[in-house]
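The values are calculated or read from the model by the stated rules, or taken from the named source; none is laboratory data. Given the structure is predicted, the values throughout are model-derived calculations rather than measurements. Cβ placement follows ideal geometry from the backbone for every residue including glycine, while neighbour counts extend to all protein chains displayed.
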Amino acid sequence: MFFQSKEGPIYYEVFGPSDAPAVVFTHGGGLNGEMFSKQVDALRKNYRVVTWDVQGHGRSAPLKESLDVPYMAQCLVGIMDEAGIDTAVLVGQSLGVYINQHAAISYPDRIKALVSIGGLPVDKPMSRVELAVFRALLAVSKLLPAKVIFTRAAGEKTTTPEAKQFFLNSMNRMGKTQFLRMLAGQLNACDIKVDTPPRQPLLITHGEHEMPKSLIKGNREWHASVPGSRYHEVPGAGHNANQDRPDVFNQVLLDFLSEVA
């Protein structure tokens, strides 16, 4: 199915009983909604599950300029409307965590809880050093061949052959131009001032072998700053923890959903 946004069609899929509690999954940069296939299989019997492709990814409309993270949050809620979903738990990976938090802030009555996979809080700005590294990454990426960028990213972000291959296939499908526009949008999102963070129940997860390593420290600090939040490090997993260790991640997710959905 397609949601008709002002930027073009946004692809999404819906699974599970129409009257069940809803869970919406938002993928990371360079990937697509298919990265949650193991989560869909685990949830679709008892939950209304939605996956979607952020603009510039998968089967959605290409980016004409930098990705607009707050607008993608609007599209997420628009997809919920179209699917007949009043409230949902949002699960995001990396870039998807930023999009989901903006949705939770802008539409607090629609979002019941948040689950982060390798993400960071939107209300904690990056340090000057982190911003400099991000800008350098964008500059260098413009100069390097797509094969070099994508192969290195797949190797750094995943720990299993299946997840690596999915990452590489998704990035190749996206292409370098769309990748650069997505990356520029992520950098722009870091400059968005957020005074009040989301107030919904929160589950923070990340892989044992997160890249960059600073994400582990950032996730622990995030957990410490949010009273009542849940935290879980997924053993043996990288940045795409839900794909590297779906067995562990799914159980952690199901336990959390049993309390908040």
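Here is a yes/no grid of residues against (1) surrounded by fewer than 19 Cβ atoms within 10 Å (Cβ to Cβ); (2) closer than 20 Å to F167 by Cα; (3) under 12 Å from the mean Cα position of the chain (by Cα):
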{"site": "V14", "(1), (2), (3)": "no, no, no"}
{"site": "F25", "(1), (2), (3)": "no, yes, yes"}
{"site": "G28", "(1), (2), (3)": "no, yes, yes"}
{"site": "W52", "(1), (2), (3)": "no, yes, yes"}
{"site": "Y71", "(1), (2), (3)": "yes, no, no"}
{"site": "M80", "(1), (2), (3)": "no, no, no"}
{"site": "I85", "(1), (2), (3)": "no, no, no"}
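For the stretch 203-247, give me the residue count where each residue is more than 23 Å from K112 (Cα to Cα) and of a type in the set (A, V, I, L, M, F, W, C).
Total meeting the criteria: 5.
Examine the stretch 196-212 for a residue that is under 28 Å from Y71 (Cβ atoms) and in a helix (DSSP H, G or I), and state whether such a residue exists.
Within the stretch 196-212, none of the residues are under 28 Å from Y71 (Cβ atoms) and in a helix (DSSP H, G or I).
Across the stretch 227-261, what is the number of residues that are touching a residue at least 40 places away in the same chain (Cβ under 8 Å) and closer than 16 Å to L120 by Cα?
The total comes to 4.
Test A224 against the stated conditions and say whether it is in a helix (DSSP H, G or I), surrounded by fewer than 14 Cβ atoms within 10 Å (Cβ to Cβ), of a type in the set (A, V, I, L, M, F, W, C) and out of contact with any Pro (no Cβ under 8 Å at 6 or more places or on another chain). First the steps, then the outcome.
Numbers: in a helix (DSSP H, G or I): yes; surrounded by fewer than 14 Cβ atoms within 10 Å (Cβ to Cβ): yes; of a type in the set (A, V, I, L, M, F, W, C): yes; out of contact with any Pro (no Cβ under 8 Å at 6 or more places or on another chain): yes.
Yes; evaluated as a whole, the condition is true for this residue.
Scanning for something of a type in the set (D, E), in contact (Cβ under 8 Å) with a residue 60 or more places away in the chain, within 17 Å of Q101 (Cβ to Cβ) and out of contact with any Gly (no Cβ under 8 Å at 6 or more places or on another chain), does the stretch 146-167 turn up at least one residue? Show your work before the answer.
Applying the first criterion (of a type in the set (D, E)) to the stretch 146-167 yields 156, 162.
Restricting the remaining residues to those that are in contact (Cβ under 8 Å) with a residue 60 or more places away in the chain gives 156, 162.
Narrowing the set further to residues that are within 17 Å of Q101 (Cβ to Cβ) leaves none.
No - not one qualifying residue is present in the stretch 146-167.
Looking only at the stretch 87-140, which residues are more than 15 Å from the chain's Cα centre (by Cα) and among the aromatic types (F, W, Y)?
Once the filter is applied, which keeps residues that are more than 15 Å from the chain's Cα centre (by Cα) and among the aromatic types (F, W, Y), the stretch 87-140 yields Y107, F134.
Can you spot a residue in the stretch 112-132 that is touching a strand residue (DSSP E or B) at 6+ places or on another chain (Cβ under 6 Å), charged (D, E, K, R) and not in a helix (DSSP H, G or I)?
yes
Can you tell me how many residues in the stretch 105-137 are surrounded by 22 or more Cβ atoms within 10 Å (Cβ to Cβ), farther than 13 Å from W222 by Cα and among the β-branched types (V, I, T)?
Counting residues in the stretch 105-137 that are surrounded by 22 or more Cβ atoms within 10 Å (Cβ to Cβ), farther than 13 Å from W222 by Cα and among the β-branched types (V, I, T) gives 1.
Find the strands (runs of 3 or more DSSP E) located wholly in the stretch 1-110 whose residues include 1 or more that are polar (S, T, N, Q), at pLDDT 95 or above and under 19 Å from G185 (Cβ atoms), and list them. It would help to see each step written out before you state the result.
Working: elements: 2-5, 8-15, 22-26, 48-52, 88-93.
In the stretch 1-110, the matching strands (runs of 3 or more DSSP E) lie at 2-5, 22-26, 88-93.
So, of the residues in the stretch 146-193 that are at pLDDT 95 or above and not in a helix (DSSP H, G or I), which turns out to be nearest to K124 (Cα to Cα)?
Only one residue fits best here, namely T158.
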